[in-house]
Amino acid sequence: MERLLIHPPFADPTQPYLSLPTLKGHLRSKGLDARVIDLNLEAAHYLFRKETLEDLAREVGLRFLGLNRAEELTFEEQMEYRLVCEARPKIEDLLAAAPRPLSVFQSSELFYDPAAYSLARRRVEAFFEVLSAAHYPYVFDFNRANHRFVPWGFELFERYFELDRSPLETFYREVFDPPGDWEALERRAIDVDLEEVDFIGISVVFPSQIAEALYLCRFLEPRAPWCFIALGGPCLHQIAIHLEDEDKSRLLEYADAIGLFEGEETLAQLFHRLPALKGTEAFGEDFDVLKEVPNLLLQDPRTGEPVLGPRRTLDLRAAAAPDYSDLDLDRYLAPSRILLYAPTRGCYWDKCSFCYYGLSETATASYREVDPPKAASDLAKLSRRHGVRHFYISCDVLAPAYSTRLAQALIDQGLKIRWSCDLKIEKYFTPERCELLYRSGLRSAAFGVESGSDRMLELMRKGVTRDTLAEVSRSFHRAGVATEWMAFAGHPGEILEEALETVRWIGSEREAVDLFIVGEFGLQPGSHIAQNPEAYGVEKIYQAEGDDLGLYLMFKQKGGDRTPEERRRIDQEVNRAAAAYALSGYPWAGAVSTHHTFLHFRRFGQRIFLRHFQKTGSAVQGSLPPPPPSQIAGLRERPRFSLEAIAREEEKFLEKFYQRALYTTLPARRQGGVELAPLTLRLFHNACHEVPGLRPGRR
């Protein structure tokens, strides 16, 4: 029987992710095996197929006709109507686009042409706007899959499964249902025969994969009821570990088990026990077979309670290298291959106030290392086996002393690779050590500088000063390593001037900062702030009532929250600093720590995002080329309802709605000790019903 490990949509399709090849490598070292399937990558190819685009265009056109010919639109229909109207020229452009966007990313010539690349990127972004309009009220992208207005919760999941349906439903049928004819067989991106499968593991690495992962569980269970279906992955761990037992049980309704913490020994021991499950007959006997599998969360049928098996942490000194052999590395949306490798786990620092990154209950996972000579040997084998020279060292953060020992091991073994990673700036990184890292192949490094205020850096428990951050970054830059800065605004206790000074400081260091991002602080459940809110001036922590998975913690500060005007001033300062750069969003060139960014650094050098893309003119900014007319019904008919009136009403509605839903006007309740704001799907629908309908001609 075959066993599958699935990486679900929606996520970055430009490179293979590390988690499932790591599990496969461990299994094979134990004489076991599983097949890794990157369903996210194949979904990307499916979505941009000509037939899919034509079906999407017809869907948009028909939906427009249905709404446009109505005598009156409800408010929810108005919001959908505006998006559908705006989607029509975009899908026409996509139907006529030559070359196709995905082919640009896979072409060595076009990928490095700034105008061709920028136009392809914008067309992909436009495609997802069309897909989102066709599947209103959901929003999709390579790093997003959620409801436009409310967070995912169990009620919303059920609606998505039963009524709204995934935009990938047809794709899943192509992959998993028996083909009906030769044409259907030829369309299959992946050859899967569920009758030959007895285990399916679905890994959730990013929040954008949650909905499709659960959708897949519901999709696959009736098609293969004999299969053991398990959920896992770092994102799902961080969700499940903080849920109350009742919600853990609800999550377990989607799968037979959930893997928490690290999954290597979980799968190895589970696979050994799977044959024994076939012989179980007595009530609860299957639970007894599996209850000692480490890190495996199960439902005890006798008590109805979720039970977690014994905790197990892998000894990295004996860890196997990841196994990418199941993946076609040339299918990814990039002109050359890259592989991910993790020689360490956890964070050597493990003190930052805001961080919850890793497989643990709080803070980060325990720090462990692969011996540098073994890590270098693993990289050499992966390079030879897959014809790869580019690697991303995918760790929580690479410890300074370890990074130089790894660099020396790479040099000693004569390995000619080029690599990138995330580093925490320390005084340890002298100019000589930065040069050593460059000689070993390091070509870009992302630094969490976080803030330009020494007071805030101390409050964040970063263990470094602003002067050290700037000095060390300059040393890396002078050594030839592209520097990528990551900062954010909104940490509890930060005043407006400190946020503005952070952005101005980044601008003043432009000569040694090759790329940057200034994000918005988000409170993580296992962070030091969440565990000790009083120490940071946090008055209360709460979440939305509809956010059953606890994805979005919110908080109020004792001194008051940041005002809209203050946020506007920060945005203005960020835009001023960004004006010199060609910045972009994930996973594109111009975003921090992406494959596309690394490849452009490799081809054009450190300063590419301050000179190369600026030559492209309207390919980067401005309107897309006017599309040729399409014969598909509904794409050219004139709108009867005022889009301007709808946009004005929508802006006014959302401001009022979120004031009610997240802050003051409705009574809060408590669940598990966490205060709840009343934001739910039901509240949203009720609020929409309060807005008058719109008739044609009204402005």
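Here the sum of -39500 (n - 2.57) over DSSP H runs of 4 or more residues, divided by the residues of the chain, equals -12500 deg cm²/dmol at 222 nm, to the nearest 500. Going from the residue with the fewest nearby Cβ atoms within 10 Å to the one with the most, 656, 424, 50 rank 50, 656, 424. Convex hull volume of the Cα atoms of segment 1-61, normalised per residue: 94 Å³.
Working from Cα pairs under 8 Å separated by at least six residues, relative contact order for segment 344-438 is 29 percent. Legend: P(r) of segment 26-169 from all alpha carbon pair distances, 5 Å bins from 0, whole percents, reading 2, 8, 16, 17, 17, 13, 10, 7, 5, 2, 1, 1, 0, 0. For segment 49-100, what D do you get in µm² per second when you plug the Kirkwood radius from alpha-carbon pairs into Stokes-Einstein at 10 °C and 1.306 mPa s? Calculated translational D: 135 µm²/s.
Of the GluC sites (Glu not before Pro) in segment 229-319, the ones in a loop by DSSP (not H, G, I, E or B) with at most 13 other beta carbons within 10 Å are 253, 281, 292. In this structure, the residue pairs whose Cα-Cα separation is over 31 Å, taken from 248/652; 374/424; 427/540; 30/424, are 248/652; 427/540; 30/424. In plain terms, the C-alpha convex hull of segment 235-342 casts an average shadow of 9.2 nm² when viewed from every direction. For segment 379-410, backbone nitrogen atoms closer than 11 Å to the point 7 Å from residue 428 Cα along Cα-to-C-beta are found at 398-406. Loop sites only, by DSSP: take the chymotrypsin sites (Phe, Trp or Tyr not before Pro) in the chain that have at most 12 other C-beta atoms within 10 Å and name the longest stretch containing none of them. In short, 284-699.
Using C-alpha pairs under 8 Å with a sequence gap of at least 6, the mean separation divided by the residue count of the chain gives a relative contact order of 16 percent.
Label separation (residue 580 vs residue 329): 3.7 nm, computed from points 7 Å beyond Cα along the C-beta direction. A Cβ-based charge dipole, computed about the Cα centre of segment 390-509 with Lys and Arg at +1 and Asp and Glu at -1, lands at about 560 debye. Using only the Cα atoms of the chain, build the gyration tensor, take square roots of its eigenvalues as a ≥ b ≥ c, and label the shape rounded, prolate or oblate: rounded if a/c is under 1.5, else prolate if a/b is larger than b/c, else oblate. Since a/c stays below 1.5, the shape of the chain is classed as rounded. For segment 396-504, the relative contact order is 29 percent, taking Cα pairs closer than 8 Å that sit 6 or more residues apart in sequence and dividing their mean separation by the residue count.
Put in line by how crowded their Cβ is, counting other Cβ atoms within 10 Å and starting with the fewest, 249, 630, 473 read 249, 630, 473. Taking amide H as placed 1.01 Å from N in the peptide plane, the amide H of residue 488 sits under 5 Å from that of 450, 519, each at least 5 places away or on another chain. Within the straight-line cut-off of under 17 Å between alpha carbons, the lysines reachable from residue 90 are 50, sequence neighbours fewer than 8 places apart in one chain being disregarded. Around the Cα centre of segment 273-427, unit charges on the Cβ atoms of Lys, Arg, Asp and Glu (plus for the first two, minus for the last two) sum to a dipole of about 840 debye. Round to a whole angstrom and tell me the spacing of the C-alpha centers of segment 490-559 and segment 154-216. Spelled out, the Cα-based centre of one part sits 36 Å from the other. Overall, segment 336-610 carries a charge dipole of about 1480 debye about its Cα centre when +1 sits on the Cβ of Lys and Arg and -1 on the Cβ of Asp and Glu, all other atoms neutral.
Note: segment 422-569, Cα convex hull, 129 Å³ per residue. For segment 336-610, with equal point scatterers placed on the C-alpha atoms only and solvent neglected, what are the log10 I(q)/I(0) values from the Debye formula at q = 0.09 1/Å, to two decimals? Per q value, in the given order, log10 I(q)/I(0) is -0.44. Our estimate of slack between residue 439 and residue 49, defined as 0.36 nm per intervening residue step minus the Cα-Cα distance, is 136.1 nm. Ranked by how many other Cβ atoms sit within 10 Å of their own Cβ, fewest first, the residues 494, 484 fall in the order 494, 484.
No disulfide-compatible partner, judged by a Cβ distance under 4.7 Å, exists for the following cysteines of the chain: 85, 217, 227, 235, 347, 395, 421, 434, 688.
Near residue 557: Cβ cut-off under 13 Å, other residues only, Lys/Arg at +1 and Asp/Glu at -1. The net charge is -1.
All of the numbers you see were taken from the coordinates with simple rules; none came from a lab. What you see is a predicted model, and the numbers here were worked out from it, not measured in a lab. Positions of Cβ are backbone-derived with ideal geometry, glycine not excepted, and every protein chain shown enters the neighbour counts.
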